[in-house]
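Chemist: Here it is, the structure, as structure tokens.
Here, each number is a calculation from the coordinates, and none is a lab measurement. Keep in mind that this is a model prediction, so the values were computed, not measured. Every residue, glycine among them, receives a Cβ derived from its backbone with ideal geometry; neighbour counts consider all protein chains shown.
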Amino acid sequence: MIWEIFTQKIFFYLLFFAIAFTYSMVGLGGGTAYTAILTITNTPYKIIPSTALFLNMVVSIISFLNYRAYFPSERKSLILLVYLFGGGGTILGANLNIKEKTFFIILGIALILSAIISFLNDFGSKKINFKIKKKSLPLISFPIGILAGITGIGGGIYLSPLLIFSDFPTKGIASITSLFVFLNSFLGFSTKFFKGEFNFHFAIPILIFVIAGALLGSRLGSIKFKPQVIKFFLNLIILNIGGYSLWKGIS
């Protein structure tokens, strides 16, 4: 019995290592996957967003440090506005009092959308003849921030394809997105923390595995490794968990 519990715990932590490793390669925090895993392991819904944001915050800053050399400084005024609008949305979303069923409905929709967008981003974006004007990005980042604050998803999964359609370079996107995720996660986590919606003892063991995964993944990603195949399978899992969360909210 003790051995079974121990192996389950190790498997649980290794899942977070794998998520941090994979998502940090492309400058994302992994909030969608963290939230999904926390949901199916029956974590109390009140601490799901804060835990995911906390982990997001750590992974994204590690990713940014590895990708910072590719930050498009010639667009810093526009990117600053994206961060400001996104941060404002995050604070608003984190302060909303959401009922449990409503939370799972929003979370389910967010997970399903993020998986679909990620599929398109990795395998279909080059075939889509669609452009977004760069000046519209700050306004778009505001609702992304609201969603980040509510669900614990840093928002990078939504911002990244928008940057692709705005013709930013690939590694520049990773640097912009990782800092966006960090700022949103920091603001969202701080709000949740001061509301008493964070369990330090629960999050710290997970954090150790997440840091290890992020250090390795972001380093490999900033050099040459491509994680699309691993992300494909992770997104299949997220899609299914999104459906489960949506069902949990409406049933």
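Chemist: Return the sequence-ordered ³J(HN,Hα) values of the stretch 165-173 in whole Hz as given by the Karplus equation 6.51 cos²θ - 1.76 cosθ + 1.60 applied to θ = phi - 60°, using x for Gly and Pro.
Modeler: Each residue of the stretch 165-173 in turn: 6, 9, 6, 7, x, 4, 6, x, 4 Hz.
Chemist: What ratio of Cα Rg to 2.2 N^0.38 Å holds for the stretch 15-250?
Modeler: Taking N as the residue count of the stretch 15-250, the ratio is 0.91.
Chemist: How would you classify the stretch 1-106 from its alpha-carbon gyration tensor, with a ≥ b ≥ c the square roots of the eigenvalues: rounded for a/c under 1.5, else prolate if a/b is greater than b/c, otherwise oblate?
Modeler: It is oblate, given that a/c is not under 1.5 and a/b is not larger than b/c.
Chemist: Same structure again: Work out the charge dipole of the stretch 15-250 with +1 on the Cβ of Lys and Arg and -1 on the Cβ of Asp and Glu about the Cα centre, then indicate which of 73, 241, 110 is farthest towards its positive end.
Modeler: It is 73, whose Cα lies furthest towards the positive end.
Chemist: Determine the alpha carbon to alpha carbon distance for each of 135/192; 76/192; 99/195 and list only those over 20 Å.
Modeler: Distance filter (> 20 Å) returns 135/192; 76/192.
Chemist: Name the long-range amide H neighbours of residue 166: under 5 Å, sequence gap of 5 or more, or other chain; modelled H, no Pro or chain starts.
Modeler: 132
Chemist: Karplus couplings for the stretch 140-151 from phi (6.51 cos²θ - 1.76 cosθ + 1.60, θ = phi - 60°), rounded to Hz, Gly and Pro as x?
Modeler: Running phi through 6.51 cos²θ - 1.76 cosθ + 1.60 with θ = phi - 60° gives 5, 5, 5, x, 4, x, 4, 4, 4, x, 6, 9 Hz.
Chemist: What angle do you read, to the nearest 10 degrees and between 0 and 90, between the alpha-carbon axis of helix 76-95 and the longest principal axis of the chain?
Modeler: Here the helix axis deviates by roughly 30 degrees.
Chemist: So what is the calculated 222 nm ellipticity per residue for the chain, using -39500 (n - 2.57) for each DSSP H run with n of 4 or more, over all residues, to the nearest 500 deg cm²/dmol?
Modeler: The helix contribution divided over the chain gives -26500 deg cm²/dmol.
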